[in-house]
Amino acid sequence: MLEEFDLPKNIVDREVKKMTMISPTNKEVQIGQTLKDHEYIGMVRREVLDDFLRNRAAENGAQLINGLFLGMQLPQKTGESYVLTYNDYNSAEGASRTGEKKTLEVDVVIGADGANSRVAKDIGAGDYEYAIAFQERMRIPDDKMEYYKDRAEMYVGEDVSPDFYAWVFPKCDHVAVGTGTVIDKKGIQRYQQGIRDRAAPRIAGGEVLRVEAHPIPEHPRPRRVNNRAALIGDAAGYVTKCSGEGIYFAAKSGRMCAERILINSEYGIRMIDEHDLKQHIREWDAKYGATYLVLDLLQKVFYTTDAQRESFVELCEEEYVQRVTFDSYLYKTVQGNNPIGDLKLGWQTLASLWKNENKVPDEMRTLV
């Protein structure tokens, strides 16, 4: 994303080149040795990234409105405008807390308003299953922060999530400690305590700076286009299984949608229609559909029982798995075009799953 969207490196808090995968019994596997010297996973804070993108958009001619979108009136006949209603917080006439209610007429609407999208509701896009992600930003002692300077941790286990993973990710001067779940949203606080307990040797003495919780879509909405309105990013449901990543796909879908509108409207000469926006959807599905299907399958195979999670971490010791995993994560497409390597990996997966499903679990290890 940094290269493709020409983002400055000064917005990156940490360059992660080490990833520790930790099994339900605290078996640790270090991955990252397949990374090239210039490769890393960039850790950013959303408030920093979003601010940069907003300011750059304004510098390039976008009109920013600090307001709350309330809803919109759909066109009743061909060629009519959408009428958006919003509270303008920058209006001198409105109170700072409530703003001034205003309307805006537009030809095309791109719903980039997140998992709880009001645009999606207005265009009848339908619902989707979602996960709850919960995290605490925590300042930990300097000696412990040194450990995380270029390292991220992923924990799996029934104690930290019944169907996802928990994490400790480094930020500028603190770490983000969190977890997520689809099937037991009411238990999210229990799973958050689970990751705090498991990671305790490495985050003990930490001070909670901020608590955050967000819904994460589990699959695309049933309808992503209606007339001249389209959904992108989390509003459309573009979040990958296994990793739960949505930032890159939000930016990419926004750019692809905008480029299709520009081209098909002949740069503003012709009014687009639903066919033009559906062309964008077909392009998106052709480019990333396989990625979503593969990651969905992997989550079902490896995130269901602790025995399966032990196998997942075991397999991460394989160099081929690390290379395919990191390449897929860094470059956003499913990697792996080595038939022999894929066949060997398939056999190792089946053998590991059978072994862990049929043996007494190992004793709990102590993190150092």
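The figures follow:
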| item | result |
| --- | --- |
| Accessible area per residue, Å², the chain with all protein chains present, probe 1.4 Å | 52 Å² |
| Protein accessible area in the chain, 1.4 Å probe - carbon and sulfur % | 52 percent |
| Farthest toward positive dipole pole in region 132-225 [+1 Lys/Arg, -1 Asp/Glu at C-beta], among Thr181, Pro222, Gly206 | Pro222 |
| Extension gain from Thr98 to Ser81, taking 0.36 nm per residue of separation minus the Cα-Cα distance | 3.5 nm |
| Cut-off 20 Å (backbone N to label point 7 Å along Cα→Cβ of Asp306), residues of region 17-36 | 21-29 |
| Angle in degrees between helix 306-315 and the longest Cα principal axis of the chain, rounded to the nearest 10 | 90 degrees |
| Sparse-neighbour loop sites [GluC sites (Glu not before Pro); region 278-368; at most 11 other C-beta within 10 Å; DSSP] | Glu363 |
| Charge dipole (debye, nearest 20) of the chain; +1 at Cβ of Lys and Arg, -1 at Cβ of Asp and Glu | 340 debye |
| Gyration tensor verdict on region 279-328 (Cα atoms; rounded if a/c is under 1.5, prolate if a/b is larger than b/c, oblate otherwise) | oblate |
| FRET efficiency, Met364 to Lys17 (Cβ-Cβ, R0 30 Å, nearest 0.05) | 0.60 |
| Area accessible to solvent at Met256, 1.4 Å probe radius, in Å² | 30 Å² |
| Signed unit charges on C-beta, dipole axis of the chain, positive-most listed residue Asn264, Tyr331, Gln73 | Gln73 |
| Over 20 Å between alpha carbons, listed pairs Lys185/Lys287; Lys241/Lys300; Lys300/Lys355; Lys144/Lys241; Lys287/Lys332; Lys27/Lys186 | Lys185/Lys287; Lys144/Lys241; Lys27/Lys186 |
| Simple label model, 7 Å out from Cα along Cβ direction - Glu105 to Leu70, nm | 1.9 nm |
| Förster-model FRET efficiency, 22 Å R0, Lys278 and Ala258, C-beta, rounded to 0.05 | 0.90 |
| Residue-averaged [θ]222 nm for the chain, counting only DSSP H segments that reach four residues, each worth -39500 (n - 2.57) | -11000 deg cm²/dmol |
| Gain in span if fully extended, Ser265 to Tyr329, counting 0.36 nm per residue against the direct Cα distance | 19.7 nm |
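The values are calculated or read from the model by the stated rules, or taken from the named source; none is laboratory data. Everything quoted here is computed from the prediction, not taken from an experiment. Note: ideal-geometry Cβ built from the backbone for every residue, glycine included; neighbour counts use all protein chains shown. Heads up: the accessible areas ignore ligands, DNA and RNA and are worked out on the full protein's heavy atoms, side chains in. Shrake-Rupley method; radii C 1.70, N 1.55, O 1.52, S 1.80 Å.
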